[in-house]
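See below for the structure under consideration.
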Amino acid sequence: MAEKSPPISRRRQETRRRLIDAALEVFAERGFGSSTVDQVCERAQFTKGAFYSNFAALDELFLAAWEQRSAQMLAAVEALVADRVCAQVSSTRDVVEQVLETISVDDKWYRLTAEFTAHALRNPSLKRVVAAREETILATLMPLLELLVTQLGREITDATAFGSALVAVHDGTTVQCLIDSDTDAARARRTDLFVLLVEHHTREIRS
């Protein structure tokens, strides 16, 4: 019989969670480029040894935080599909509003991702990692969106083009929602753009 591994996974998960939470606080206060491993460890109340047993560098830690947040968003959309919430509505706008409720417009998170993206653009190998992770997230999200669209009696005409357009509209309208003094108007425009996008890239399913 194979020897069981020591029960350390839960403790390791908790260590990683605390490091991620601490890092996001430090990054938000100081900026990603001005933050250090020492500052993150001090905030999390861990030694540098604990940090380096979990992450090779701050880059890797941020990617773990990004993956965690993406997983939460994907789980929320998956719940919409599983609950068939959108099957009970009658218009594209209703579906869009349901989905957008699961994707928060967060000032702190936007600042962190914008800074990290700028950092990645200066580092070709990191840029490739970021691009690959974006593709993986979108590849996981698209089947869920296809199911939601199907509940409306529609089908996506070009998944690749639709996915790229979704990312572009999401990124652009997030900035507008954060900058515009009239937040409600900006969010309404965000919804309008997503409705147009869905209608442009889908068509009624023909029997």
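The values are calculated or read from the model by the stated rules, or taken from the named source; none is laboratory data. Here the structure is a predicted model, which is why all the values come from computation and not from measurement. Positions of Cβ are generated from backbone atoms using ideal geometry, with glycine treated the same way; all protein chains shown enter the neighbour counts. Quick note on the areas: whole protein, heavy atoms, side chains included, nothing else; ligands and nucleic acids left out. Shrake-Rupley method; radii C 1.70, N 1.55, O 1.52, S 1.80 Å.
What tally of residues in the stretch 153-194 results from selecting those that are under 20 Å from residue 105 (Cβ atoms) and not in a helix (DSSP H, G or I)?
3
Output the residues belonging to the stretch 135-166 that are exposed (fewer than 14 other Cβ atoms within 10 Å of the Cβ) and either within 16 Å of residue 74 (Cα to Cα) or out of contact with any Ser or Thr (no Cβ under 9 Å at 6 or more places or on another chain) (or both).
Result: 135, 136, 139, 143, 153, 158, 160, 161, 164.
Find all pairs meeting these conditions: Cβ atoms under 6 angstrom apart; at least six residues apart or on different chains; first residue within the stretch 125-153 and touching a residue at least 60 places away in the same chain (Cβ under 8 Å); second residue open to solvent by less than 80 Å² (accessible area, probe 1.4 Å) and among the basic types (Lys, Arg).
Close Cβ pairs (under 6 Å, with a partner that is open to solvent by less than 80 Å² (accessible area, probe 1.4 Å) and among the basic types (Lys, Arg)) do not exist here.
Counting residues that are within 15 Å of residue 32 (Cβ to Cβ), which helices (runs of 4 or more DSSP H) fully inside the stretch 57-152 reach at least 1? Write out each step before concluding.
Numbers: elements: 58-83, 92-100, 107-121, 124-151.
Those helices (runs of 4 or more DSSP H) span 58-83, 107-121, 124-151.
Check off (1) open to solvent by less than 40 Å² (accessible area, probe 1.4 Å); (2) modelled with pLDDT under 90 for residue 58 and give me the number that stays unchecked.
Among (1) open to solvent by less than 40 Å² (accessible area, probe 1.4 Å); (2) modelled with pLDDT under 90, the lone unmet condition for residue 58 is (2).
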